Amino acid sequence: MKKVLIWTLILSLCLALTAAPAMADGMYTPGSYTGTGTGHEEGISVTVTVDETSITDVVIDVSHETPMIGGLAGEELAAQILAAQGAEIDGVTGATETSGGVRRAVADALAQAMGGAAAAEKTPVADGSFQGTAPGFGLTGQMTCEVSFENGAITGIEVVEETDSLTGEWFANAKELLIPRLLEQQSLEVDAITGATASSNGIKNCVAKAIEAAGGVADEWYTPIEKSSETVVIDDYDVIVVGLGGSGVLSYCAAADQGASVFGLEAAGKIGGNSVCTYGPMALNSEYLKDLFNNGEDYINPDEVYQVWIDYVESEEKADIISEAVYSSGEALDYYVENFGFEFAGRGLLGSFVIPSWDKEWCVYTADPDTGWNILGPNKTYQFLRAMDIATAKNEKNAWMTELRGESLIFDDDGEVEGVLARYYDGTTYEIYGDTVILATGGFMGSNEMMMEVYGSCINAMGDTVNDGTGIRMGQSAGGATYALKTMPMVHISQVANLIRTDDLTADQKAVLTALALTTDMPMVTTGGEPWGNTNQSGTTDDKVSVEIVFAPDFMYYNIYTQADIDSIRENGLSEAQAAATSFFLSQGGTLPAAGTPVADIDEILTVGASFKDVLIADSIEDLAAQIGCDAAVLSETLGGVETSYYAVPCTSWCYGTVGGLDVDINMNVLREDGTPIENLFAVGQDSEGVCNVDGKAYTPWGGQAQSWTFVSGKIAGTAAAAYAMD
């Protein structure tokens, strides 16, 4: 027995000595390696630099992530990776999706550094049904999915609880399209449904939690999915419509009504775009609305509206187009009601936001009888679908596709526009050829790069962010000019920087945090550390419309609280102004305590808020300045030099979309720099709404004006494009 033990020890020693040279070489091949991962959006990359035994540097690119959440997490995540010397990091609170994407990207990079891909084998999961809960798009609660497993595969996914559908119409689309793909691919690397990213990620994160509950490792289920390399050619259309939001649908309908053959493409998984999160359009003296709500009589003086509009933009350069926007608004609405089944019978005529005498100026879509209203307005996608069905039936060649993203224009040998290059969600390339192209991609709110280029800052999105400036870039590639590109974005809503969609705070606690951001009775400080007031651009206080914040640097400011202020809230409660500060539309379902009611849990609210970057907690002015990113001397002067503990709560703009776009003429033809039209290229909706506005001011905020422009510009462009193509 002793001889066996001795020989065993000798053999072990020999094996150890044989392995020693390899161990001395270390686990990594020195160099830099880049891994990729998916967070809230696709496109996270992490480059790790390693020597033989350790990670020496980390560079994280999260530029595609939400700026105020994932975009701020990169530096902290890099520090965690260096400290952990691997991918096993805690992540950043409030940036769960970004943290997960970074973690997987690091694992990918380190696998390369070790000479191979990550292990393909998955940790076994138990058979049965398991639940996972995660935040989605819903403002008032999380999502729960029940996931079934059998023989190591996902066999069923059911959403058993959600509040996403109360927040907008995107959730149903994510549910219908994403779940079958998850089941087919057996991978969490399935792309989120464009236009429903938050709901898609909610479902995927629920499935990830269920995998963990079943004994598996969720990161192992992010297996790559091969994209198609096929090219499909579609020929001989009269009109191609790029984007099927409100203006695109209405353009498609008008062109089809002229007998043209029309092909429509939409990057999102559903049509309607951000028009589905509006109440309805301005429509001046519509015959339909007069009969419904005003005994057949005119209800507004369009001459007065026209003159106010011209005075507001301080120019008659686009007087002909503004005239169309005013005098054709009612006529355009009547046209679509009569020919394509649109309805606005729900809420009567509403008054203007800013002109009290215009007490009947815009209207509200009739809500879907089956699904009613969400917090952003009536559910109305069914009306756009019905209109597209009517339009498509007008020509046997008419067709349209969703999840098909227009990428660029196609030019012939003479440099003339002859079509659109597009990419389907599965990677398939489409070459679509036609006589005319209408750009209806919805502005550029979803492009961080373009927002920085135009405004020097990004902004929180109220709706989907598929509107990434593609149409404007397409128009520019054809020689098109822009007009009033720096018109301020559409902002009516303020809120905290990052909505807390988890259960880290109760709804009532979230309401208190919102009140701290929105109250008007605390010192306000810009991102540069300077004083900020709640006056609008004309220098007068205006409580009727919340557009003032859009003029603040970076579209935000900070409400500043001292330690004494917080102590007072804990012991004496909120002030009258604080107790009345609630968010228009973006309420998270909570109720504020009455003024004077002690808020005993204020410290918990602030601590959780800080973890989500909704509160900055500082021990001094210098510390606070460092966190804000401003000059300490400037901030000290603003705060009167008082040294104490400070709490800065950011109040940020939440945006429906941008307004400035391509320059167009009265026919919606895109104009070159010299003012000549590109005869077969048109732009509508937010791709051209700058012609109704002016650089540096808020977009014309009458009430429903932007939605009205979708009707007016869509009718004009669709009719003109069809006429040009068929002539």
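Can you tell me which residue in the range 658-676 is farthest from the chain's Cα centre (by Cα), limited to those that are more than 22 Å from Thr719 (Cα to Cα) and touching a residue at least 24 places away in the same chain (Cβ under 8 Å)? Reasoning before the result, please.
First, pick out the residues of the range 658-676 that are more than 22 Å from Thr719 (Cα to Cα): 658-660, 673-674.
Okay, now just the ones that are also touching a residue at least 24 places away in the same chain (Cβ under 8 Å), so 658-660, 673.
Values: Thr658: 12, Val659: 15, Gly660: 18, Glu673: 31 Å.
Ranking the qualifying residues of the range 658-676, first place goes to Glu673.
For the condition among the hydroxyl-bearing types (Ser, Thr, Tyr), touching a residue at least 60 places away in the same chain (Cβ under 8 Å) and open to solvent by less than 10 Å² (accessible area, probe 1.4 Å), what is the one hit in Tyr336, Tyr312?
The unique qualifying residue is Tyr336.
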Extreme residue, modelled with the highest pLDDT, among residues of the range 536-573 that are open to solvent by less than 50 Å² (accessible area, probe 1.4 Å), at negative phi and assigned to a loop (DSSP other than H, G, I, E, B)
Ala552
Breaking point among (1) buried (at least 19 other Cβ atoms within 10 Å of the Cβ); (2) at pLDDT below 80; (3) not in a loop (DSSP other than H, G, I, E, B), for His64:
(3)
What are the residues in the range 440-459 that are open to solvent by 30 Å² or more (accessible area, probe 1.4 Å) and of a type in the set (S, T, N, Q), if any?
Asn448
When the range 267-292 is examined, which residues are found to be open to solvent by less than 10 Å² (accessible area, probe 1.4 Å), farther than 21 Å from Ile375 by Cβ and not in a loop (DSSP other than H, G, I, E, B)?
Met282, Leu289
Out of all the residues in the range 178-189, is one or more open to solvent by 20 Å² or more (accessible area, probe 1.4 Å) and under 19 Å from the mean Cα position of the chain (by Cα)?
no
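Okay, residues lined up against (1) hydroxyl-bearing (Ser, Thr, Tyr); (2) under 30 Å from Gly704 (Cβ atoms):
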position: Ala345; (1), (2): no, yes
position: Leu349; (1), (2): no, yes
position: Thr392; (1), (2): yes, yes
position: Gly419; (1), (2): no, no
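On the basis of being closer than 18 Å to Ala552 by Cα and either touching a strand residue (DSSP E or B) at 6+ places or on another chain (Cβ under 7 Å) or part of a loop (DSSP other than H, G, I, E, B) (or both), does Ile493 make the cut?
Numbers: closer than 18 Å to Ala552 by Cα: yes; either touching a strand residue (DSSP E or B) at 6+ places or on another chain (Cβ under 7 Å) or part of a loop (DSSP other than H, G, I, E, B) (or both): yes.
Yes: the conditions hold for Ile493.
Out of Glu314, Glu266, I need the residue that is out of contact with any Ser or Thr (no Cβ under 6 Å at 6 or more places or on another chain) and of a type in the set (D, E, K, R). Which one?
On the way: Glu266 fails: out of contact with any Ser or Thr (no Cβ under 6 Å at 6 or more places or on another chain).
Just one listed residue meets the conditions, Glu314.
The rows are residues; the columns are (1) under 20 Å from Gln142 (Cβ atoms); (2) not β-branched (Val, Ile, Thr).
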site: Met474; (1), (2): no, yes
site: Met488; (1), (2): no, yes
site: Ala511; (1), (2): yes, yes
site: Ala517; (1), (2): no, yes
site: Thr520; (1), (2): no, no
Has the range 682-704 got at least one residue that is assigned to a strand (DSSP E or B), touching a strand residue (DSSP E or B) at 6+ places or on another chain (Cβ under 8 Å), more than 22 Å from Thr278 (Cα to Cα) and in contact (Cβ under 8 Å) with a residue 24 or more places away in the chain?
yes
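Taking the conditions exactly as written (closer than 14 Å to Leu516 by Cα, out of contact with any Cys (no Cβ under 9 Å at 6 or more places or on another chain) and not charged (D, E, K, R)), does Val608 satisfy them or not?
On the way: closer than 14 Å to Leu516 by Cα: yes; out of contact with any Cys (no Cβ under 9 Å at 6 or more places or on another chain): yes; not charged (D, E, K, R): yes.
It is true that Val608 is closer than 14 Å to Leu516 by Cα, out of contact with any Cys (no Cβ under 9 Å at 6 or more places or on another chain) and not charged (D, E, K, R).
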Out of curiosity, is Met462 farther than 27 Å from Val670 by Cα, buried (at least 22 other Cβ atoms within 10 Å of the Cβ), out of contact with any Lys or Arg (no Cβ under 9 Å at 6 or more places or on another chain) and not polar (S, T, N, Q)?
yes
Check whether at least one residue in the range 361-374 is open to solvent by less than 10 Å² (accessible area, probe 1.4 Å), among the β-branched types (Val, Ile, Thr) and not in a loop (DSSP other than H, G, I, E, B), and report yes or no.
no
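I'm trying to understand the selection: among the residues of the range 638-671, which are polar (S, T, N, Q) and in a strand (DSSP E or B)? It would help to see each step written out before you state the result.
So in the range 638-671, the residues polar (S, T, N, Q) come out as 638, 644-645, 652-653, 658, 667, 669.
Matches in the range 638-671: Thr652, Ser653, Asn669.
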Yes/no for Ala478 being farther than 25 Å from Asn559 by Cβ, surrounded by 22 or more Cβ atoms within 10 Å (Cβ to Cβ) and not β-branched (Val, Ile, Thr):
no
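Among Thr93, Thr53, Thr18, which is the only one that is at pLDDT 75 or above, out of contact with any Leu (no Cβ under 8 Å at 6 or more places or on another chain), over 28 Å from Pro224 (Cβ atoms) and among the β-branched types (Val, Ile, Thr)? Before you say what the answer is, go through the steps one by one.
Details: Thr93 fails: at pLDDT 75 or above; Thr18 fails: at pLDDT 75 or above.
Testing whether each residue is at pLDDT 75 or above, out of contact with any Leu (no Cβ under 8 Å at 6 or more places or on another chain), over 28 Å from Pro224 (Cβ atoms) and among the β-branched types (Val, Ile, Thr) leaves just Thr53.
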Taking helices (runs of 4 or more DSSP H) that fall entirely within the range 576-637, which contain at least 1 residues that are touching a Phe, Trp or Tyr at 6+ places or on another chain (Cβ under 9 Å)?
602-611, 621-628
Quick count over the range 248-266, residues being in a helix (DSSP H, G or I) and either open to solvent by 10 Å² or more (accessible area, probe 1.4 Å) or without any contact (Cβ under 8 Å) to a residue 12 or more places away in the chain (or both), is 1
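Residues to consider are Gly341, Gly348; find the one that is at pLDDT below 95, in contact with a helix residue (DSSP H, G or I) (Cβ under 6 Å, 6 or more places away or on another chain) and either acidic (Asp, Glu) or surrounded by fewer than 16 Cβ atoms within 10 Å (Cβ to Cβ) (or both). Even if it seems obvious, please write down each step before you answer.
Numbers: Gly341 fails: at pLDDT below 95.
Answer to the selection: Gly348.
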Those residues of the range 133-166 which are over 26 Å from Ala461 (Cβ atoms) and either modelled with pLDDT under 95 or crowded, with 16+ Cβ neighbours inside 10 Å (or both), in sequence order
Glu146, Val147, Ser148, Phe149, Ile154, Ile157
Whether any residue in the range 228-242 is farther than 20 Å from Ala268 by Cα, open to solvent by 50 Å² or more (accessible area, probe 1.4 Å), part of a loop (DSSP other than H, G, I, E, B) and of a type in the set (Asp, Glu) is what I want to check.
yes
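Here's the yes/no breakdown for (1) open to solvent by 10 Å² or more (accessible area, probe 1.4 Å); (2) modelled with pLDDT of 95 or more; (3) within 23 Å of Arg405 (Cα to Cα); (4) in contact with an Asp or Glu (Cβ under 9 Å, 6 or more places away or on another chain):
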| position | (1), (2), (3), (4) |
| --- | --- |
| Asp191 | yes, no, yes, yes |
| Thr197 | yes, no, yes, yes |
| Asn201 | no, no, yes, yes |
| Val207 | no, yes, no, no |
| Ile211 | no, yes, no, yes |
| Glu220 | yes, no, no, yes |
| Thr223 | yes, no, no, yes |
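The values are calculated or read from the model by the stated rules, or taken from the named source; none is laboratory data. Given the structure is predicted, the values throughout are model-derived calculations rather than measurements. No Cβ is skipped: glycine too gets one built from the backbone with ideal geometry, and neighbour counts run over all protein chains shown. Just so you know, the surface numbers come from the protein's heavy atoms only, side chains and all, with ligands and any DNA or RNA stripped out. Shrake-Rupley method; radii C 1.70, N 1.55, O 1.52, S 1.80 Å.
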